[in-house]
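Q: So that we are looking at the same thing, I have put the structure below in structure tokens.
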């Protein structure tokens, strides 16, 4: 629905809008995005980026919406869109929070995007850290969240 609203208000498809206002300023050239049966780009899913390009979005967030000295996203919007709005039940989504299209992990002061088949982008502002996954993971309990929690974070936190 949000994708259709963006297209209707901007007069551009969501992909055209994103290319002009986000992807091109970040130097992201290779983008594939699926559409629904009515031809509307699926705003909350099916966006395919390279790991490096996904990480660029994370770095933009770490830099408070600035890329290469240019403001791309307002700092106010980043703060509002990543603030926990509701919490999952402890038995469902492990008590994670949800913001505006971001999951939140307040215990790490982090926010993240979680896609299908192990696609994920984690942003840890307090540690100046971005972690991006774009590969399907199908090995037992191995997941981007587990790999980040059990290996990436301990490797940077032991020096602090």
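Q: Out of everything in the range 130-144 that is in contact with a helix residue (DSSP H, G or I) (Cβ under 7 Å, 6 or more places away or on another chain) and at pLDDT 75 or above, what residue ends up being surrounded by the fewest Cβ atoms within 10 Å (Cβ to Cβ)? Give the steps one after another, and end with the answer.
A: Our first condition is that a residue be in contact with a helix residue (DSSP H, G or I) (Cβ under 7 Å, 6 or more places away or on another chain); within the range 130-144, this holds for 130-137, 143-144.
Subsequent filtering for residues that are at pLDDT 75 or above retains 130-135, 143-144.
Values: 130: 20, 131: 18, 132: 22, 133: 21, 134: 19, 135: 10, 143: 17, 144: 22.
The extreme case among them is 135.
Q: Moving to a separate point now. For the range 22-62, give me each residue that is farther than 18 Å from residue 129 by Cβ and assigned to a helix (DSSP H, G or I).
A: From the range 22-62, those farther than 18 Å from residue 129 by Cβ are 22-50; that's our starting set.
Result: 22, 23, 24, 25, 26.
Q: Here is a follow-up. Among the numbered criteria (1) over 20 Å from residue 53 (Cα atoms); (2) part of a helix (DSSP H, G or I); (3) free of Cβ contacts under 8 Å to residues at least 24 places away in the same chain, which one does residue 104 miss?
A: (2)
Q: Within the range 102-124, take every residue that is surrounded by fewer than 17 Cβ atoms within 10 Å (Cβ to Cβ) and either touching a strand residue (DSSP E or B) at 6+ places or on another chain (Cβ under 9 Å) or modelled with pLDDT of 85 or more (or both) and give me the one that is nearest to residue 78 (Cα to Cα). Let's see the steps before the verdict.
A: First, the residues of the range 102-124 that are surrounded by fewer than 17 Cβ atoms within 10 Å (Cβ to Cβ): 106-107, 109, 116-117.
From the residues that got through so far, the ones that are either touching a strand residue (DSSP E or B) at 6+ places or on another chain (Cβ under 9 Å) or modelled with pLDDT of 85 or more (or both) too are 106, 109.
Details: 106: 15, 109: 14 Å.
Residue satisfying both the conditions and the ranking: 109.
Q: Out of 123, 142, report the one residue that is over 30 Å from residue 20 (Cα atoms) and not in a helix (DSSP H, G or I).
A: Numbers: 123 fails: over 30 Å from residue 20 (Cα atoms).
From the options 123, 142, the qualifying one is 142.
Q: Take the conditions closer than 19 Å to residue 82 by Cβ, within 14 Å of the chain's Cα centre (by Cα) and either exposed (fewer than 15 other Cβ atoms within 10 Å of the Cβ) or in contact (Cβ under 8 Å) with a residue 40 or more places away in the chain (or both) and apply them to residue 65. Does it pass?
A: No; evaluated as a whole, the condition is false for this residue.
The values are calculated or read from the model by the stated rules, or taken from the named source; none is laboratory data. Nothing here was measured: the structure is a model prediction, and the numbers come from that model. We place every Cβ from the backbone using ideal geometry, glycine too, and count neighbours over all the protein chains shown.
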